[in-house]
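Novice: Can you read through this structure? Questions will come right after.
The values are calculated or read from the model by the stated rules, or taken from the named source; none is laboratory data. Note that this is a predicted model, so its numbers are computed, not measured. For neighbour counting, all protein chains shown are included, and Cβ atoms are generated from backbone atoms with ideal geometry for every residue, glycine included. Only protein heavy atoms, including side chains, enter the accessible area calculation; ligands, DNA and RNA are left aside. Shrake-Rupley method; radii C 1.70, N 1.55, O 1.52, S 1.80 Å.
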Amino acid sequence: MIFSIASKYNNAEVLVESNDIGHVVLHMLNYDLEYDNIFKTYKLHGNGRPTLGQRTTTKTKIIGCNTLKDMCTTEKLVIRDKDTLAELEHFQRMGDSYEAAPGYHDDRIMTLVNFCYYSTTNEFARKYDRSVTSEMSDLSSKAIEESLAPIPLFSGNNWGDDSRENLSWLR
């Protein structure tokens, strides 16, 4: 199904979590179906060869969750799917990680978390010529600047004084 949909969408890049069953999916896509446009991870201190898929760790999950929150609050990512929104309502922090509350699922949300993590990587910036991290930082800086009120300047020693102080030095 992944191969069929990705092929119909101009051979879209496929991001597969490499934990657990993801290894089987990655193997089928890469070796059985020979689909080339699979996201690859490059280790900083590895042998230089890419690894298929993205391994989800506590660190990547936290970065992905924070980026997802930032993207949603700044409307860089707008979720309209009611099933995804329902999952989001029951997605919570549990210890050092995030997951669905007991009795609920987080498959859709974790897909978004993995994408949001990917959007912060150098691979994403190189491939799509966009740095989501920089864009989010620029938005935050702009929001902070806009929220700051100008500093009021008052002339004179008391409120009832009509004399005017020379403020030409401010120009």
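Novice: Give me a count of the residues in the range 1-20 that are closer than 17 Å to Arg108 by Cα and over 24 Å from the mean Cα position of the chain (by Cα).
Specialist: Residues flagged as closer than 17 Å to Arg108 by Cα and over 24 Å from the mean Cα position of the chain (by Cα) within the range 1-20 amount to 1.
Novice: Go through the range 19-34 and count every residue that is part of a loop (DSSP other than H, G, I, E, B) and either open to solvent by 60 Å² or more (accessible area, probe 1.4 Å) or in contact with a helix residue (DSSP H, G or I) (Cβ under 6 Å, 6 or more places away or on another chain) (or both). First the steps, then the outcome.
Specialist: Initially, the range 19-34 is screened for residues part of a loop (DSSP other than H, G, I, E, B), giving 19-21, 33-34.
With the extra rule that they be either open to solvent by 60 Å² or more (accessible area, probe 1.4 Å) or in contact with a helix residue (DSSP H, G or I) (Cβ under 6 Å, 6 or more places away or on another chain) (or both), the set shrinks to 20-21, 33-34.
Qualifying residue count for the region: 4.
Novice: Exactly one of (1) open to solvent by less than 60 Å² (accessible area, probe 1.4 Å); (2) farther than 23 Å from Asn122 by Cα is unmet by Asp96. Its number?
Specialist: (1)
Novice: Output the residues belonging to the range 1-18 that are in contact with a Ser or Thr (Cβ under 9 Å, 6 or more places away or on another chain) and part of a helix (DSSP H, G or I). Give the steps one after another, and end with the answer.
Specialist: Within the range 1-18, the first condition is being in contact with a Ser or Thr (Cβ under 9 Å, 6 or more places away or on another chain), and the residues that meet it are 15, 17-18.
Hits for the range 1-18: nothing passes.
Novice: Given (1) closer than 26 Å to Asn37 by Cα; (2) in a helix (DSSP H, G or I); (3) touching a residue at least 12 places away in the same chain (Cβ under 8 Å), where does Lys76 come up short, assuming only one miss?
Specialist: (2)
Novice: Just for the range 113-130: of the residues that are among the hydrophobic types (A, V, I, L, M, F, W, C) and under 12 Å from Glu17 (Cβ atoms), which one is most open to solvent (accessible area, probe 1.4 Å)? Walk me through how you get there before you give the answer.
Specialist: Step one: list which residues in the range 113-130 are among the hydrophobic types (A, V, I, L, M, F, W, C), which gives 113, 115-116, 124-125.
Among the residues that remain, those that are also under 12 Å from Glu17 (Cβ atoms) are: 113, 115.
Values: Val113: 1, Phe115: 76 Å².
Among residues in the range 113-130 that are among the hydrophobic types (A, V, I, L, M, F, W, C) and under 12 Å from Glu17 (Cβ atoms), the one most open to solvent (accessible area, probe 1.4 Å) is Phe115.
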